[in-house]
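The values are calculated or read from the model by the stated rules, or taken from the named source; none is laboratory data. What you see is a predicted model, and the numbers here were worked out from it, not measured in a lab. Quick reminder, even Gly has a Cβ in these numbers, built from the backbone with ideal geometry, and neighbours come from all protein chains shown.
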Amino acid sequence: MQFDAAVLHRVGRPLAIERVTLGPLRPHDVLVRVRASSVCHTDVEVAEGQLAYPLPIVLGHEAAGTVERTGSAVSRVVTGDHVVLSWNPNCGNCFYCDLDQPILCEQYLRHGPRGTQFDGDARLSLDGRPLHHLMFIASFAEYCVVSEHGAVPVPVELPFDRACLLGCGVMTGVGGVLNIAHPPYGATVAVLGCGAVGLSAVQGARLAGAERIVALDIRADKLELARRLGATHTFAVGTEPLVEAIKALTQGRGADVVIEAAGTAESLRLSVELTRPGGQVVWLGKVAVGQDVPFRWGALMGEKRITRSSYGGARPARDFPMLARAYLDGRLKLDELISRRIALADINAAFAALKRGEVIRTVIEFPV
Ligand SMILES: [Zn+2]
Ligand SMILES: [Zn+2]
């Protein structure tokens with residue numbers, strides 16, 4: 001079959017909308033009609049070459065849609081299911097899967113950087129040439145094919161434009177708190193960076209019963225949004241003495257949990273400074289893989305625990321439905337994260353807006 005997809009041919013160049021070809025479904029493949037796909041920083045990093053992937057490639061990894069067709073061996077979903085897509089399919093029987101660390105699944109780590117599907121082969125092509133898939137999803141397209149472990153059913157009441165957000169940014173932020181940090185009820189949680197991941201971490205802290213939720217960002221509009229989503233205190237990075245501000249709130253100790261979601265060397269350094277002795281630091285942001293990050297040794301002392309997490313400890317089959325129910329119950333706010341809704345043809349403007357920090361999420365909607 002053929003359909004429209006946004007293709008990155010060369011790093012630093014705009015994506016081109018192309019008519020791409022999808023080969024036959026394999027036994028464990030699920031064909032998804034994409035209904036909404038949002039633009040995440042990782043897509044921008046690939047387009048700009050900070051994250052190296054083989055080209056040409058179809059980007060997009062935060063998506064929701066309906067199951068159009070399934071391979072012969074698929075048992076986890078059926079045609080018509082509404083699904084949120086996970087970029088961390090895992091094999092279930094390798095060294096890391098046995099250690100209960102699906103994010104390190106050896107099949108996942110082997111094939112992800114190659115831009116193939118989970119079994120190691122690409123399914124897409126353009127004019128007879130193979131086309132790569134980003135993060136086993138490639139959802140800046142009218143259709144995408146995923147492993148059945150990457151398609152998680154969610155309630156049909158959840159609108160697609162909000163459902164797609166669960167697949168990466170919301171899962172990472174909420175999960176960074178609930179799955180990784182496990183703050184005790186009444187804790188002080190500080191969140192550095194109020195993009196989609198940080199604002200979701202603010203909500204994770206609220207869901208966990210944190211007493212003080214401190215949001216930090218350079219932009220006043222994002223701090224205002226953090227307040228609407230549950231932050232009890234906000235501070236502007238760059239203009240206020242942040243270590244002193246957090247200490248003043250915590251009888252001089254520092255935050256119980258600090259979630260880093262800004263992705264700069266300075267923010268990573270600051271995250272440790274803000275954490276109390278014995279506290280937990282969770283790094284969700286990222287800098288270029290070759291970049292050194294300086295720390296003050298004294299800030300690392302005091303039995304602090306530091307965890308770097310890519311996906312907030314996600315167990316998508318468990319967590320996506322939980323997040324969906326939290327939204328439908330009014331406990332998790334998603335509408336506020338959507339800054340713009342666009343058509344696929346306008347995707348390059350969405351990349352530029354995210355890079356400038358103007359938007360939380362731009363959602364690409366696909367008409368039925
Ligand atoms: Zn992402
Ligand atoms: Zn595995």
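Residues that are touching a residue at least 60 places away in the same chain (Cβ under 8 Å) number at least 1 in the following strands (runs of 3 or more DSSP E) confined to region 179-290: 188-192, 255-260, 275-283. Every condition in (1) touching a strand residue (DSSP E or B) at 6+ places or on another chain (Cβ under 6 Å); (2) within 16 Å of ligand 1 (Cβ to nearest atom); (3) of a type in the set (S, T, N, Q) is met by Thr79 except one, and the failing one is (2). The set of residues in region 19-35 being in a strand (DSSP E or B), among the charged types (D, E, K, R) and surrounded by fewer than 18 Cβ atoms within 10 Å (Cβ to Cβ) consists of Arg19, Arg33. Only one of the listed residues (Cys91, Cys144) is more than 26 Å from Gly195 (Cα to Cα), outside any helix (DSSP H, G or I) and within 16 Å of ligand 1 (Cβ to nearest atom). That residue is Cys144. Among the residues of region 148-158, what is the count of those that are away from ligand 1 (no atom under 16 Å from the Cβ) and outside any helix (DSSP H, G or I)? Going through region 148-158 one residue at a time, the tally reaches 7.
Note on region 159-201: residues that are more than 20 Å from Glu273 (Cα to Cα), among the polar types (S, T, N, Q) and either within 14 Å of ligand 1 (Cβ to nearest atom) or crowded, with 24+ Cβ neighbours inside 10 Å (or both) total 2. On inspection, Ser86 qualifies as in contact with a Gly (Cβ under 9 Å, 6 or more places away or on another chain), in the same structural domain as Phe351 (by TED's automatic domain parsing) and in contact (Cβ under 8 Å) with a residue 24 or more places away in the chain. Restricting attention to region 104-121, the residues being away from ligand 2 (no atom under 13 Å from the Cβ) and either within 30 Å of Arg341 (Cβ to Cβ) or part of a helix (DSSP H, G or I) (or both) number 4.
Checking Gly60, Gly49, Gly12 one by one, the residue that is buried (at least 24 other Cβ atoms within 10 Å of the Cβ) and closer than 28 Å to Arg356 by Cβ is Gly60 and no other. Selection of region 95-108 for residues being surrounded by fewer than 18 Cβ atoms within 10 Å (Cβ to Cβ), touching a residue at least 12 places away in the same chain (Cβ under 8 Å) and either hydrophobic (A, V, I, L, M, F, W, C) or in contact with a Gly (Cβ under 9 Å, 6 or more places away or on another chain) (or both) yields only Ile103.
A count restricted to region 70-83 and to residues that are of a type outside the set (A, V, I, L, M) and either touching a Gly at 6+ places or on another chain (Cβ under 9 Å) or within 16 Å of ligand 2 (Cβ to nearest atom) (or both) stands at 1. When each of Ser86, Ser38 is tested for being within 16 Å of ligand 2 (Cβ to nearest atom), surrounded by 17 or more Cβ atoms within 10 Å (Cβ to Cβ), within 20 Å of Gly312 (Cα to Cα) and of a type in the set (Gly, Ala, Ser), the lone residue that passes is Ser86.
When Ser139 is tested against (1) among the hydroxyl-bearing types (Ser, Thr, Tyr); (2) within 16 Å of ligand 1 (Cβ to nearest atom); (3) not in a loop (DSSP other than H, G, I, E, B), exactly one condition is not met: (3). Consider Ser147 carefully, then state whether it is surrounded by fewer than 21 Cβ atoms within 10 Å (Cβ to Cβ) and in the same structural domain as Arg162 (by TED's automatic domain parsing). Against the criterion (surrounded by fewer than 21 Cβ atoms within 10 Å (Cβ to Cβ) and in the same structural domain as Arg162 (by TED's automatic domain parsing)), Ser147 does not qualify.
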